[in-house]
Structures are given as C-alpha cells and as structure tokens.
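Just so it is clear, none of the values below were taken in a lab; they were calculated from the coordinates. Because the structure is predicted, anything quoted here is derived from the model rather than measured. Cβ: placed from backbone, ideal geometry, glycine included. Neighbour counts: every protein chain shown.
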Amino acid sequence: MTRSAGPPKAPAAAQKLFFRVRDDEEPAVMEALSGGLRDPKAKFMPDQQDLMFFAAARRRSLGGSEAIARRLCSLGVPGNSIDRLRQTPLFFAAREGNRDCATFLVEQRCEVNHRDVYGQSPLFYSVRESHVEMCRLLRDLGASFDIRDNNKNTAVFYAKGEAAAALARMHDEHLIREVPLSKVLDAGHPNPDGRKAAQGEKTVLTRKATLAQGAVHGREATPAPAAHKRRRVAAPPQAADAGSGPEPPPAASPEVDPSPVERPPERRKEVRPAPAEAASCRGSQHFAAMQAMVKWAAIGTDGAAAVYPRPRCRGAEAAGRRGPPPPAIPPPEKIFSQAGEYSVCSPGVGDAWRLRELEREFVLDHFDVFSDVPWHAQLDPLGWCRLVNVIESEDMARQAITSIIAGKTPRHCTLQCVHVPRALPGEKGPVGTPSVVGYVHVVNAGGHLDVSHLKVQRSHQRRGLGSLLMAGTIRWAERQGVEVRDLQLVVVVKNAPAISLYRSLGFEDLNSVQRRDPLGGGVVKWQKMWRPFGRSVDASAFARLCEARAAAASRAAARPREPPGEK
C-alpha cells in the first residue's frame, strides 16, 4: 500500500538539534547554528514542529529565546508554522512568558488570536501560567478577551489568585479601548454610504460609550446585545426610519400611506447622494481620521497623564508651559557618531518622554504614507500602532522605553540623535539648547543587528541623519564587543524614500511579506532588506561611509547664517 508523503522529517541525528535549541545556553545554540541548516523546514515528529517552536519554548530563566528565533528566521525557518494541534510558536512563547520572542513572532505574521484544536488562543496559555505581563503584551498586540474555547470559557475563566484580579482590571481596560477615537469623531459626520446615522446606529454608539464610562468608574459593564456587534448595512431609504430606534413611531396620518410597492421610484433616487456629496462624505471621514491622528501624535492617549505627568523643564516653567526636559549635551566619550551639529548617543531615563513623542510621530509618518489607499480612514490610532508594531498605551510604551534605557532588556538598544545648535561666528553666549531629533531601536541577535525602528523628526529630515543613526548603531555594537555580521530591517514598500536610502547604503532585498491589518485595514506589503559585511566592506568601514554621507548632507542642508551686524 502506498503512503502519502507527509511533511519533511528531521533525520535521527539532526533531531538532537531541536532539544539543543530548547535547552542549551544561548552561546552554545548560536555556535551550533553558525554553520547553517541543511533543511530549515525540517520538523520534529509526531507533533510536526519546526525549530521555531523549540526556540519559543525555551524557559524564561534560560533566556535567549528571541535572539535564537531571529537567527533561525535568518536561516530560513518560518516564524508562523502550524503544528499537529493547530498551534503556532506564539503559543509556546506565551506559555513560557517570553515577551520579546512573542513580539518578534507577531512581526513574523503569527496571528495573535489564532485558535488551536481546543478553540483557545495564545492568551489562554499565558493566563494558565499566570504570566500577567505577557497577557498585557498580548492585549497590546491585539489579543481578544472575548474568545471562548470549546468549553465556552474565556481566558479569564482560567486565571488564578492575584493573576485573576490583574486580568479583571486588564479586561476593564479592554472594554474602554473597544471604543475607537475615530468612532467618536465620526458621530457628527455622514456615514460612508452617504446617509445620516440611523437612530439605531446612534443607539449603538451611545451604548458603547456607556459601557466604557461604566468601566472607568468601576461599575460592572453589561455585555452589549448581539445586534450591537453586527456590521452596519446600508438600509433601503424607504425603510431607514422604520423600527430604527427605541422612539415610538409618529401618529398615523388620516391619509393612507402608500405601500413600498406603490411608492414612486423618484423618492428612492432623491435620497441617494450625488457624486459630489459622496466625495464630500469621504473627505469628511478622511478629515476626521486626520484630526484623530494629529491629536494623538501631539498628546498621546488621555489616560497617560495620570500615570506619567509630563515633566517640566525650567524654561517651560517660566513660560507657564509643559514640555520635556532638554537632554544633556553628550560628552565626546559618549558619542557613537557625529556630523556637524548632530550626534548619536545613548539616551537617559529623562529622555523617555521625548522618545515617545518621536515614536508617535513615527506612526503618523506611516499614516501619511498610506493617504491614498481606500481603507486609510478606517483605522484609528490603535490600528495604526498595530500596523507598525508600536505600543499604543502611553504608560506601557514609556515603561518599555525606560526599561531599554536602563539596560533591563538584554540585546535591545535605543540610541538617540541630539541636535546641538552652534553659536554663530561673532556671537557670545551659551550654545543653543540641545534637542532630541531622532532615534533608532536595534536588537542584537548574535552579531545580526535587526533595526526595528528608525525615525528622524520631520523638521530635521534630508540631512543625512538616517545614515548617521546607522553609523551609531554599528559603533554601539562594536563597543559592546560584538562582531557585526550584518544589518537587517523591514520597511513598508510604499515608503519609497526609505527604500532608496537603504539601497544607496548597500542594502539588498531579501523577500517581501504581505500582512493584513486585523482591525479592518487592507493588505500592507513589507520589504525585508539586509546589509552583509565581509572582507570587501566590513562593519567599521560601513560606519565611516555612513558618517561621511551624513556630514555631506548636513553641510548641504545648512543655510548660511550671517553674523550679527553683517548684511
């Protein structure tokens, strides 16, 4: 009898590598992987799990889960495989509490709400192990608290002890965040189908707002009826007012109202929006989305003020305004790269507020990049944050930034670009106030540097600061004693200027991935790129090249300024 060919099976001798990836120390695993993999898609039987599952399943106390996962990905091991129980590697990272690895796996298109044969998502496994911080991370990555397994239980049902109270508070926050800012802004604007919101739809919005308000004040929130969860469907005009809300219908007229069949067809045409009106509706929706994004990028979420009040600088106090404290002028020994008035250095804890500001502008940049797509106005700030892997919660974001600055997150590093205006020739007095105008976040995976975010403030762009931040990244790694093997990054395909910059620096295209936004957006295409280093151009020479490019661009962008008294 002929048997069907199953998935590729790892040879008996090679199966030891699976357990080494899971149980050995990180340096030993990296050494074992230094020679590459004969078959990156080999699977361990009978569970049909590749090496990525074993990297995600490393004990948290052992560490190295994310670094090994990134190395496996660079060797061709997929990050979103599905095993015999319909589970992905994200299930195992959630079970072990490997937060950094979980974030990386979501970047590799592991669906955060994927359900296994038991009907459970990764959140269930994190709850069972009482990994509260992992549960909070999964929530920020889009995990739903409303999923019910085959036994009709949600993940909160399996919580124990102190974790149960923490998850209850988390669930209340989840209810609040279910009311997007764009929904509130759209309440006063026409709907996309060109009609005013029907009474029933206004009731839905009012109901959601009531739920959120109840959660804020500690009251128990009543689940919304099933009808409130249905998608909006444009009702026929003649039926738009029939039974659409709780208000009683108007008193019957003594005249006989014509039936829908007898109703003249002209009335149906009269309520249809003209092309100009439809365009106006779309323009209103786009304007509302733009207002929401600009407001969010400027001040963040409202709940952050109570946890992280904005720090005051001396100049701001004197002027009666709030603002971040200015960064200290970095001493020469703390500078990794420099060009003109700009230098790249390590931030201090006090710079977290300003770095978060730039992170929000990073999200706003991508909002502008996609301004011409049909689904542009469908996403609120939370949706755009998820699209570019930025934490939406202000307190969570600042905690993450502060943790990296304080060195509590191994292999992760954030560097900042500081602008220190120089005094003009003939001027006397102190140097201008320094300001943080850019940042880069990088992850060191055994010499493979993964640049996850690179941002330059809009008013300081086109001055070579992207190249300067790249140079600073290399110099930072070299001071850590790391032998830099390559640089890796992912950039959205629509961001043509960024792709052009990276290609001019010698980055090569690897492959492209498509990702559909879970909150209603369209398909976004991302380009993976890398810059290998070898005998021809090593990492140090690449850093010098980047620094020289930045110096030339900075000189070209600088406007000539005349000293006082000269014309």
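Normalised by 2.2 N^0.38 Å, where N is the number of residues, the C-alpha radius of gyration of region 14-174 stands at 1.04.
Within region 55-74, name every residue whose backbone N is under 18 Å away from a label modeled 7 Å from Cα of L37 along the Cβ vector. Output list for this probe position: 55-59, 64-74. Remark on V524: its backbone amide H falls under 5 Å from those of R515, R516, D517, a criterion applied only to residues 5 or more positions apart or on other chains, H modelled at 1.01 Å from N.
Classify region 368-481 as rounded, prolate or oblate from the Cα gyration tensor: take a ≥ b ≥ c as the square roots of its eigenvalues, call it rounded if a/c is under 1.5, otherwise prolate when a/b beats b/c and oblate if not. Judged from the Cα gyration tensor, region 368-481 comes out oblate (a/c at least 1.5, b/c at or above a/b). Sorted ascending by nearby beta carbons within 10 Å, beginning with the fewest, D39, D116, D47 become D47, D39, D116. By the count of other C-beta atoms within 10 Å, a proxy for reagent exposure, R70, R458 are ordered fewest to most as R458, R70.
Charge tally around G534: other residues with Cβ under 13 Å, Lys/Arg +1 each, Asp/Glu -1 each, net -1.
Could you list the GluC sites (Glu not before Pro) in region 467-548 that lie in coil according to DSSP, counting only those with at most 15 other Cβ atoms within 10 Å of their Cβ?
Working: sites: E478, E483, E508, E547; in loops: E483.
Those that pass, being in a loop and sparsely packed, are E483.
Per-residue 3J(HN,Hα) values for region 529-536, derived from phi via the Karplus relation 6.51 cos²θ - 1.76 cosθ + 1.60 with θ = phi - 60°, read 9, 8, 10, x, 10, x, 6, 5 Hz in sequence order (x marks Gly and Pro).
Once you reduce region 69-109 and region 460-512 to the center of their Cα atoms, the two points are 25 Å from each other. Each of Y439, Y158 was scored by other Cβ atoms within 10 Å of its Cβ. Listed from fewest to most, they are Y158, Y439. Please compare each pair in K455/K494; K41/K494; K334/K528; K16/K41 to a cut-off of 20 Å on the Cα-Cα distance and tell me which ones are over it. Too far apart for the 20 Å limit: K41/K494; K334/K528.
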